[in-house]
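> Here it is: the structure, laid out below.
Each reported figure results from applying straightforward, stated rules to the coordinates on display, with no laboratory input. All values reported here derive from a predicted model rather than from experimental measurement. Every residue, glycine as well, gets a Cβ built from its backbone with ideal geometry; the counts of neighbours run over all protein chains shown.
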């Protein structure tokens, strides 16, 4: 059926039930473009939890009373640190559903995951923020120490801090997904995510590269085209990066964490089971003819009888 044409009668052969499923980059773009407007909605919801950062900057820039400024900035920082982890868990829940090609009620699923994983996700968010501040501090402090000491050996702690930050960043590719998909303790979440940060190096490098390119692009827009940056950041970049993360990382979790668990209890992972296939001993009521139907030819104009 043509949406943008006048041909409402032609019809193709349909889609075969057992048609080969797309994989890899084809599947990624198929889901991405199908869920494009949903990703924008998720990004807008997630962006709300970054408002405390803007309040923090505004407090330091526009409030003249230093005491009031520091109090407002401190409250904004605490609000951000406490809530960014649970918000990430909420976004992860929605993205996981998209990766599994399941429907998701964005607001409902987001805040359900936000509430149910609040304590653990807040702890993870606090650790992430602490590491980010440590990396920022290292870039500010160690170059000065190198000049004062007159030796480049002081760059070693900075490199160690930066390397640790990259490992923890890669752990984040998995820890939030396992948090919302399993019942693992925080200790096991950390242990498994640390192992997967090295085991799935190919996927991690791809995700890291996409994240880095997106971050550099947004920084470039911030410095050169700030109005465009302010227009884009509420609508797409964070959801895009996290969709890439979930698409690359969740199959790894299925392979190394979820599937072995179900195999140990003699069951098949429900996420991989084909529920559309009927029991062999059960005769289907309807037979799927997708891909076998003959296209309907377009009726010639003027071939019908005219009733007067």
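> So what's the stretch 24-264 giving for Cα Rg divided by 2.2 N^0.38 Å, two decimals?
1.09
> If you take the beta carbon distance between residue 63 and residue 219 as r and set R0 to 30 Å, what does 1/(1 + (r/R0)^6) give as a FRET efficiency, to the nearest 0.05?
0.65
> Subtract the Cα-Cα distance of residue 53 and residue 29 from 0.36 nm times their separation in residues, and report this length gain in nm to one decimal. Show your work: numbers first, answer last.
Working: separation 24, 0.36 × 24 = 8.64 nm, distance 3.21 nm.
Between residue 53 and residue 29, full extension yields 5.4 nm more.
> Something else: Label points 7 Å out from Cα along the Cβ direction at residue 155 and residue 21: separation in nm?
My value for the distance between the label points is 4.8 nm.
> Using a Förster distance of 51 Å, how high is the FRET efficiency between residue 141 and residue 267, based on the Cβ-Cβ distance and rounded to 0.05?
Working: r = 53 Å, r/R0 = 1.03.
Once the sixth-power term is evaluated, E becomes 0.45.
> Another question, if that's okay. With the crude spin-label approximation of a point 7 Å out along Cα→Cβ, what separation in nm comes out for residue 78 versus residue 194?
Result: 3.1 nm between the two label points.
> Under the rule a/c < 1.5 gives rounded, and otherwise a/b versus b/c splits prolate from oblate, where does the stretch 102-141 land using the Cα gyration tensor? Working shown, then result.
Details: a/c = 5.47, a/b = 2.71, b/c = 2.02.
Prolate, since a/c reaches 1.5 and a/b exceeds b/c.
> Moving on to the next point. Gain in length, residue 38 to residue 112, computed as 0.36 nm per residue apart minus the alpha-carbon separation, to one decimal in nm?
Extra length available between residue 38 and residue 112 comes to 24.9 nm.
> I would also like to ask the following. Which value in nm describes the separation of the simple spin-label points at residue 230 and residue 105, placed 7 Å from the Cα toward the beta carbon?
About 3.6 nm, to one decimal.
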